[in-house]
Amino acid sequence: MSGFIFSEKPIELVEGDGSYVTDSNGTEYLDMGASYACVPLGHGHEAVDEAVRDQLDRLTYVQASYPVEIRTKLYELLAETAPKTVDKVWLCNSGTEANEAALKFARSATGNSKIVSTKRGFHGRTMGALATTWKDKYKKPYEPLVGDVDFVPYDDAEAMADAIDDDTAAVIVEPVQGEGGINPARKEFLQRTRVETATSGAALIFDEVQTGMGRTGTLWASEWADVVPDMITSAKGLGNGLPVGATLCRDWIADNYGSHASTFSGGPVISAAAHATVSTIVDEEIPAHADEIGEYMRAELEAELGDDVRDVRGEGLMIGIEVKRGANRILRDLAIDQQLLALPAGRTVVRLLPPLTLSEDEADEAVDALSEVIG
């Protein structure tokens with residue numbers, strides 16, 4: 001095989017149905033990673049698939065300067081579901097593009113250049129978003145990156161307050177860190193950050209690429225934090241597997257965003273997938289289900305794993321299990337011996353990001369498998 005690709009796993013997946021995927025040998029796996037939270041409604045969800053097929057039959061693509069009904073409906077739906085006043089929407093193709101746009105918008109709207117980010121944070125792999133990402137392993141090969149970025153300890157309200165000043169264009173923060181180890185922030189930290197940015201005139205960006213679309217038990221994590229940021233970035237679960245991202249903004253950002261565009265912004269087929277995904281998540285109250293099953297699953301994991309792990313943490317169906325040995329070996333054993341797929345979050349955290357439609361029986365199946373391998 002030739003190609004410039006990710007390191008491949010020795011499992012060729014060919015089919016998916018709900019919370020399960022099947023490989024080329026006919027082996028079925030419980031998918032507790034959902035490809036980094038990208039299929040919140042599970043594999044092969046009929047409402048999404050039907051919307052895509054219908055749009056393919058009518059118009060595959062036209063660029064965003066031409067109005068298209070399904071794109072307009074997606075704009076309106078995202079504006080309706082976002083926190084109050086965060087109702088301007090820019091569409092793109094991925095989470096890193098959504099964050100790249102947010103950082104550009106903040107600099108243009110404020111006239112400042114300084115960005116404050118957090119240690120252990122991950123915001124993407126384009127040059128601007130990468131500059132606000134913490135780990136050197138992602139950054140070193142591409143330096144020098146965009147400058148004027150300060151990092152503060154995550155969930156440290158005093159350090160954040162000290163870092164924000166009149167030269168700050170934006171603070172970018174994940175309400176729950178994903179790649180950094182599934183670390184939920186305290187409400188007090190996020191609320192203090194909101195106060196400090198409002199006082200200084202800086203934009204507060206919530207990176208909800210992974211936490212959004214019901215993952216943490218509310219449609220947006222900003223809801224349980226009781227914070228209204230200036231921008232929210234979304235992607236991963238937004239199109240139930242199709243590539244789409246969004247940057248949601250307040251008026252003062254949208255009115256001063258500068259000049260930014262993307263050829264494939266809100267293509268009709270992608271917009272159809274995203275509209276069907278968000279509509280289903282809202283109409284079927286998927287976030288409430290994720291909250292209930294997530295709480296149940298964390299309790300079961302704590303009861304079954306106990307002292308065999310260092311911690312079980314998370315919000316909704318964004319769960320991290322901090323283990324006492326390498327996470328990658330556990331993930332290998334889970335796949336081979338238990339037919340369960342999960343993800344790492346650093347070297348010692350097993351990350352669970354299953355479809356938000358996960359049933360209690362499927363949660364029990366996952367807990368049993370994890371107990372067999374870790375316990």
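The values are calculated or read from the model by the stated rules, or taken from the named source; none is laboratory data. Computed from a predicted structure; not experimentally measured. Note that each Cβ is placed from the backbone with ideal geometry, even for glycine, and that neighbours are counted across all protein chains shown. When the accessible area is computed, the model is the full protein with side chains, heavy atoms only, and any ligands, DNA or RNA have been set aside. Shrake-Rupley method; radii C 1.70, N 1.55, O 1.52, S 1.80 Å.
Here the range 189-262 and the range 90-108 have alpha carbon centers that stand 10 Å from each other. Peptides 104-113, 76-85 ranked from most to least packed, by the mean per-residue count of other Cβ atoms within 10 Å: 104-113, 76-85.
For VAL195 and GLU292, what is the calculated FRET efficiency with R₀ set at 30 Å and r taken between the beta-carbons, to the nearest 0.05? Walk me through the numbers before you get to the answer.
Working: r = 32 Å, r/R0 = 1.06.
It comes out at approximately 0.40.
The label point for ARG58 and the one for ASP251, both projected 7 Å from the Cα toward the Cβ, are 3.2 nm apart. Per the Debye calculation on the range 325-373 with a single equal scatterer at every Cα and no solvent contribution, log₁₀ I(q)/I(0) for q = 0.23 Å⁻¹ amounts to -0.83. For GLN177, the residues whose amide H sits under 5 Å from its own are ASN183, ALA185, ignoring neighbours fewer than 5 places away on the same chain, with H placed 1.01 Å from N.
Using 20 Å as the Cα-Cα cut-off, could you pick out the over-long pairs in LYS187/LYS324; LYS119/LYS139; LYS114/LYS139?
Working: LYS187/LYS324 28 Å; LYS119/LYS139 14 Å; LYS114/LYS139 18 Å.
Those over the limit are LYS187/LYS324.
Spin-label model, ASP337 to ASP308: label points 7 Å out along the Cα-to-beta-carbon direction sit 0.9 nm apart. Fully extending the segment from ASP368 to THR72 would add 102.1 nm, taking 0.36 nm per residue of separation and subtracting the current Cα-Cα distance.
Leaving out ligands and nucleic acids, and using a 1.4 Å probe, what accessible area per residue does the chain come to in Å²?
Values: 16410 Å² over 375 residues.
For the chain, the per-residue accessible area is 44 Å².
Taking GluC sites (Glu not before Pro) across the range 254-357, the ones in a DSSP loop with at most 13 further Cβ atoms lying within 10 angstrom of their Cβ are GLU285.
With the simple spin-label model, which puts each label point 7 Å out from Cα in the Cβ direction, the LYS324 to LYS137 separation comes to 2.3 nm.
Check each of the trypsin sites (Lys or Arg not before Pro) in the range 291-375 and keep only those in coil by DSSP with at most 11 other C-beta atoms within 10 angstrom; list them in order. Those that pass, being in a loop and sparsely packed, are LYS324, ARG325, ARG347.
Among residues other than ALA109 with Cβ under 11 Å from its Cβ, the summed charge is 0 (Lys and Arg +1, Asp and Glu -1). For the range 167-182, putting each phi into the Karplus relation 6.51 cos²θ - 1.76 cosθ + 1.60 with θ = phi - 60° gives couplings of 9, 7, 7, 7, 10, 10, 8, 8, x, 10, 5, x, 4, x, x, 6 Hz, in residue order, rounded to whole numbers and with x for Gly and Pro.
Taking a Cβ cut-off of under 11 Å around GLU28, the surrounding Lys, Arg, Asp and Glu residues balance to a net charge of -4, with basic ones at +1 and acidic ones at -1.
Computed from phi, the 3J(HN,Hα) profile of the range 44-50 under the Karplus parametrisation 6.51, -1.76, 1.60 (θ = phi - 60°) reads x, 5, 5, 4, 5, 4, 5 Hz, with x in place of Gly and Pro. Taking all protein chains in place and a 1.4 Å probe, what share, in percent, of the accessible surface of the chain do carbon and sulfur account for? For the chain, the apolar C and S fraction of the accessible surface comes to 47 percent.
Under 13 Å from the Cβ of PRO83, count the other residues' Cβ atoms, weight Lys and Arg +1, Asp and Glu -1, and hand me the total. Value of the local net charge: -2. The stretch between GLU223 and LYS119, if pulled fully straight at 0.36 nm per residue, gains 35.1 nm over its current Cα-Cα span.
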